[in-house]
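Please read the structure below before turning to the comments.
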Amino acid sequence: MLLITNGRVIDPKTGFDEVTDILIEGQRILQIGKGLSAENAQVIDASGLVVAPGLVDIHVHFREPGQTHKEDIHTGALAAAAGGVTSVLMMANTNPTISTVETLKEVLDSAAKEAIHIYSIASITQDFDGQNLTDFSALLDAGALGFSDDGIPLQSTKVLRDALRLAKEHQVVISLHEEDPQLNGVLGLNEDIARQHFQVCGATGVAEYSMVARDVMIAYAENARLHIQHLSKKESVEIVAFAQNLGAKISAEVSPQHFSKTEELLLTAGSNAKMNPPLRLERDRRAVIEGLQSGVISVIATDHAPHHSDEKTVSDIKQAPSGMTGLETSLSLGLTYLVATGDLSLIDYLTKVTSNPAEIYNLDAGYLAEKGPADLVIFSEKEERLITEQFASKSSNSPFVGETLQGVVKYTIADGEVIYQG
């Protein structure tokens, strides 16, 4: 048994927010209440700390199979635990891609060995070819939770429509990375700083919001569920709001980096601040925060994208791959750039990293309740930490190295076991 005492227990799903105790037996929460006790229980005194559901991240890249020099499922799980994350959803851009039952089973077998809960997306099209749909039925039967060609936008409207119809038939969600390659230049560099500082055509805003507009309207016409990944433009937020107001079944996420920083970070953090979509302007950063406030954006997800230092450390930033490691800084970025600023209350912020993402994929996660899953994070909300290159991930490609942020994970608990202690 595990007894957590005197913590500020927050359940975003119900709005519960009280200083109380939690008693855990096995993999479930046995009791929530004041003055609990149990013989021979391991006791964690959470006085002055927040006790919340383990975070749920529905957008991570664990690079297995095929790119394990960057990350593998085991080190990805360690990074998640260090960040207070107990459930993750892996994207399909592995090598080979997760387009077949064979590859899906391979990654799920590896994932089952880890202490956190690891789920997987399968690709919409075979090997991301953008044309030939995968076998949705077989992949769902094998354990896939949904479908995405993450990183490779679907250019064919017919393919998207057919995928949405299949997804609706199977009552699952399609998730999309929205950047029209025909409207983009160098990826990872916002068009303004690309032009002014690097003298190239960068990643344009219209490449994102034009695809968002196209795709949400196709989903609206099909009455199908569509999830827009990592919005970064003001116009994208407004388009999603418009579609939602029509009654479209659209959800959207933003990454911590996009509500925390702007394109100027490229000038100090270099290639570690290069990502797809790129960091944008202050007007865009404020717009995604307003989208979080209004509920237009219901999910925060990291897009955890580790790369080897040799790949990021190149003389020409245009040649560096896009992406950053994100699992171990996510909670601190939210507490620093949303909660401490007064843009979101703590419980509203936690909703977007626990119960809301869990709901999209029908996960038994993201809430605290008696008989519920014993997946929790215990953290110090205002304690500061200096971000260093000492990550549990294989990679340290974070533009936040050297920055002091608020929020320190003290314990991560999954299935009733302490899997990380800070």
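For residues in segment 28-65 being open to solvent by 20 Å² or more (accessible area, probe 1.4 Å) and part of a strand (DSSP E or B), which is nearest to Ala365 (Cα to Cα)? So, considering only residues that are open to solvent by 20 Å² or more (accessible area, probe 1.4 Å) and part of a strand (DSSP E or B), the one nearest to Ala365 (Cα to Cα) is Arg28. Count of segment 171-213 residues, restricted to those that are in a helix (DSSP H, G or I), touching a Gly at 6+ places or on another chain (Cβ under 8 Å) and either among the β-branched types (Val, Ile, Thr) or modelled with pLDDT under 95 (or both), is 1.
Residues that are among the basic types (Lys, Arg) and closer than 9 Å to Val88 by Cβ within segment 50-65 are absent altogether. For segment 335-356, the candidate set comprises residues that are in a loop (DSSP other than H, G, I, E, B) and at negative phi; within that set, the residue that is most open to solvent (accessible area, probe 1.4 Å) is Thr341. For Val216, the test of being assigned to a helix (DSSP H, G or I), aliphatic (A, V, I, L, M) and crowded, with 22+ Cβ neighbours inside 10 Å is passed. For the condition more than 21 Å from Asp375 (Cα to Cα), of a type outside the set (A, V, I, L, M, F, W, C) and touching a Ser or Thr at 6+ places or on another chain (Cβ under 8 Å), Glu64 qualifies. Applying the set (1) more than 23 Å from the chain's Cα centre (by Cα); (2) open to solvent by 10 Å² or more (accessible area, probe 1.4 Å) to Ala194 leaves exactly one unmet item: (2).
Selection of segment 93-109 for residues being part of a helix (DSSP H, G or I) and either of a type in the set (Val, Ile, Thr) or buried (at least 18 other Cβ atoms within 10 Å of the Cβ) (or both) yields Val101, Thr103, Leu104, Val107, Leu108. Restricting attention to segment 339-398, the residues being of a type in the set (Gly, Ala, Ser) and within 20 Å of Ala305 (Cβ to Cβ) number 5. Looking only at residues in segment 199-242 that are under 24 Å from the mean Cα position of the chain (by Cα) and β-branched (Val, Ile, Thr), the one that is nearest to Leu187 (Cα to Cα) is Thr204.
Only residues that are in a helix (DSSP H, G or I) and open to solvent by 20 Å² or more (accessible area, probe 1.4 Å) were counted in segment 303-334, giving 6.
One residue stands out among those in segment 268-287 that are closer than 24 Å to Ala80 by Cα and in contact with a helix residue (DSSP H, G or I) (Cβ under 7 Å, 6 or more places away or on another chain): the one that is most open to solvent (accessible area, probe 1.4 Å), which is Asn272. Just name the residue that is nearest to Ala365 (Cα to Cα) out of those in segment 9-27 that are open to solvent by 80 Å² or more (accessible area, probe 1.4 Å) and assigned to a strand (DSSP E or B). Result: Glu25. In a residue-by-residue description of segment 70-89, the property of being more than 21 Å from the chain's Cα centre (by Cα) and more than 30 Å from Gly7 (Cα to Cα) applies to no position.
Yes or no, residue by residue, for (1) under 30 Å from Pro321 (Cβ atoms); (2) free of Cβ contacts under 8 Å to residues at least 24 places away in the same chain:
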| residue | (1), (2) |
| --- | --- |
| Gly7 | no, no |
| Pro12 | no, no |
| Arg28 | no, no |
| Gly35 | no, yes |
| Asp45 | no, no |
| Val50 | no, no |
| His59 | yes, no |
| Glu64 | yes, no |
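Please indicate, with yes or no, whether at least one residue in segment 357-370 is aromatic (Phe, Trp, Tyr) and open to solvent by 30 Å² or more (accessible area, probe 1.4 Å). Yes, some residue in segment 357-370 is aromatic (Phe, Trp, Tyr) and open to solvent by 30 Å² or more (accessible area, probe 1.4 Å).
The values are calculated or read from the model by the stated rules, or taken from the named source; none is laboratory data. Remember, predicted model here, so these are calculated numbers, not experimental data. We place every Cβ from the backbone using ideal geometry, glycine too, and count neighbours over all the protein chains shown. When the accessible area is computed, the model is the full protein with side chains, heavy atoms only, and any ligands, DNA or RNA have been set aside. Shrake-Rupley method; radii C 1.70, N 1.55, O 1.52, S 1.80 Å.
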